[in-house]
Amino acid sequence: MRKKSEPDRESPLILKELVLPLYIPSLLKDLGLGMMLPVIPLYAHSLGAGIAVSGLLVAPRSIGAFFFDLPGGAIVSRYNKGTLLIVSMGLTALFGGAMGITKGVWALFLLYLLYGCSHSLLLLSRLSYLKASVRRNLRGRTMAGFGGVLRAGRFIGPILGGLVGKFLNLPAVFFAQALITFLAFSIMIVFLKPEKGVLKPDPDISIPKQFLEVAKEHRMTFLTAGTVMFLLQLIRTGREIIIPLWGTEVGLDVANVGFILGIASAVDVVLFYPVGTLMDNLGRKWAAVPCLILLSLGYTLIPLAGSFYGLLLISLLMGLGNGLGAGINMTLSSDLAPRKGHGEFFGLWQMITDTGGSAGPYLIGTIAQGLALSLAPLAVAGLGLVGAVIMIFFVKETLHK
């Protein structure tokens with residue numbers, strides 16, 4: 001009985017130990033990114049980009065992250081994760097701030113691409129650091145905490161970014177992001193403990209061969225759990241386009257759509273700790289499966305929404321579903337990653353989930369344009385239910401692995 005209660009007694013201390021070195025810097029970093037997100041297309045337009053090109057300027061971060069997932073995984077396997085966390089945080093401050101002084105659209109594109117690369121390295125380093133530092137039965141709460149931090153930053157950041165851009169100017173948003181992220185960088189330098197017992201890969205095996213070996217050895221994990229996370233990221237990011245599109249379809253203005261998205265995001269933020277406790281006590285499936293089912297149900301109901309309040313209620317349901325998945329991607333990947341070759345595993349895993357995140361808006365846009373907007377959410381809902389079925393029947397519970 002005493003053994004069973006031991007993790008619960010230790011968990012507040014463990015979480016407190018992570019507040020200064022990781023949680024606060026992550027919140028500041030995501031707050032800075034959230035400030036930039038709504039401003040980047042406007043800034044590109046002010047530099048002379050057309051409307052279409054300005055819209056495309058939201059993509060470089062995702063492109064940079066995608067193409068740096070594998071190199072980042074190789075780097076994480078070979079160097080101290082604490083050092084990499086500090087370096088990557090500093091690089092995000094540098095590249096984000098430099099965006100505010102650029103005078104050309106292509107320079108802006110390149111800097112945001114490099115920001116995406118450093119963002120990918122930061123996520124991979126943090127995930128690897130936490131895998132080595134946090135026990136399995138505390139990972140749910142730990143990782144869900146980072147899910148909550150991300151949601152809080154992305155919720156508050158755009159509001160602050162809009163205010164800075166309005167009352168100062170657009171470049172000031174990037175400078176503010178750099179200042180906030182540099183503060184995160186400074187906190188990490190002071191409080192982040194160096195990683196102990198680094199297990200490096202065999203230097204006689206080439207990097208491509210190491211990736212191939214990890215992919216081959218864990219192919220069933222990638223085909224099952226990896227597919228589930230691919231589909232989860234797809235339906236998560238799909239919300240960002242289907243709700244505005246359907247809001248326009250039923251005659252809502254941008255203020256109404258923004259309010260709906262903001263309230264739904266607020267639901268995400270408040271659920272992270274209960275969800276982490278759920279994952280650590282009952283298991284990862286108890287979070288992943290309800291998350292997929294509720295998101296899929298929300299997608300299914302979207303074609304029935306004919307008013308502001310109807311779309312708001314459905315968005316709240318989807319926010320609840322998404323909140324139930326706070327930290328599930330990080331938790332599951334940490335549980336499944338091997339000790340040796342973890343960097344390569346995380347790189348492959350993150351490339352899979354990044355692909356899913358990029359596919360959501362593209363899939364919805366393609367179906368809406370080629371067939372009908374009302375069919376797009378139904379197709380995505382079907383994919384979400386496929387993910388739930390795979391999670392239930394083909395992915396083993398990893399809490400007690």
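The values are calculated or read from the model by the stated rules, or taken from the named source; none is laboratory data. From a predicted model like this one, the values you see are computed outputs, not experimental measurements. With ideal geometry, Cβ positions are generated from the backbone for all residues, glycine too; neighbour counts draw on all protein chains shown.
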_For segment 147-178, give me each residue that is within 16 Å of Gly97 (Cβ to Cβ) and either touching a Phe, Trp or Tyr at 6+ places or on another chain (Cβ under 7 Å) or free of Cβ contacts under 8 Å to residues at least 24 places away in the same chain (or both)._
Leu168, Asn169, Leu170
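Could you tell me whether any residue of segment 322-345 is without any contact (Cβ under 8 Å) to a residue 40 or more places away in the chain and either buried (at least 24 other Cβ atoms within 10 Å of the Cβ) or not aromatic (Phe, Trp, Tyr) (or both)? First the steps, then the outcome.
Of segment 322-345, the ones without any contact (Cβ under 8 Å) to a residue 40 or more places away in the chain are none.
Within segment 322-345 (the criterion being without any contact (Cβ under 8 Å) to a residue 40 or more places away in the chain and either buried (at least 24 other Cβ atoms within 10 Å of the Cβ) or not aromatic (Phe, Trp, Tyr) (or both)), the answer is no, since none of the residues qualifies.
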*asked:* I'm checking my understanding of the structure. Among residues of segment 72-130 that are part of a helix (DSSP H, G or I), modelled with pLDDT of 90 or more and touching a Pro at 6+ places or on another chain (Cβ under 7 Å), which one is surrounded by the most Cβ atoms within 10 Å (Cβ to Cβ)?
replied: Met89
*Restricting the search to segment 370-386, which residues are part of a helix (DSSP H, G or I) and either β-branched (Val, Ile, Thr) or out of contact with any helix residue (DSSP H, G or I) (no Cβ under 9 Å at 6 or more places or on another chain) (or both)?*
Gly370, Val380, Val386
_For the structure I just gave you, tell me whether Met35 is surrounded by 17 or more Cβ atoms within 10 Å (Cβ to Cβ), within 21 Å of the chain's Cα centre (by Cα), of a type outside the set (Lys, Arg) and assigned by TED's automatic domain parsing to the domain that holds Phe175._
yes
*Tally of residues being of a type in the set (D, E, K, R) and either touching a helix residue (DSSP H, G or I) at 6+ places or on another chain (Cβ under 9 Å) or at pLDDT 90 or above (or both) across segment 249-273*: 2
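Conditions tested, residue by residue: (1) modelled with pLDDT of 95 or more; (2) aliphatic (A, V, I, L, M).
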| site | (1), (2) |
| --- | --- |
| Val275 | no, yes |
| Leu294 | yes, yes |
| Pro303 | no, no |
| Ala326 | no, yes |
| Ser333 | no, no |
| Gly343 | no, no |
| Asp354 | no, no |
| Gly357 | no, no |
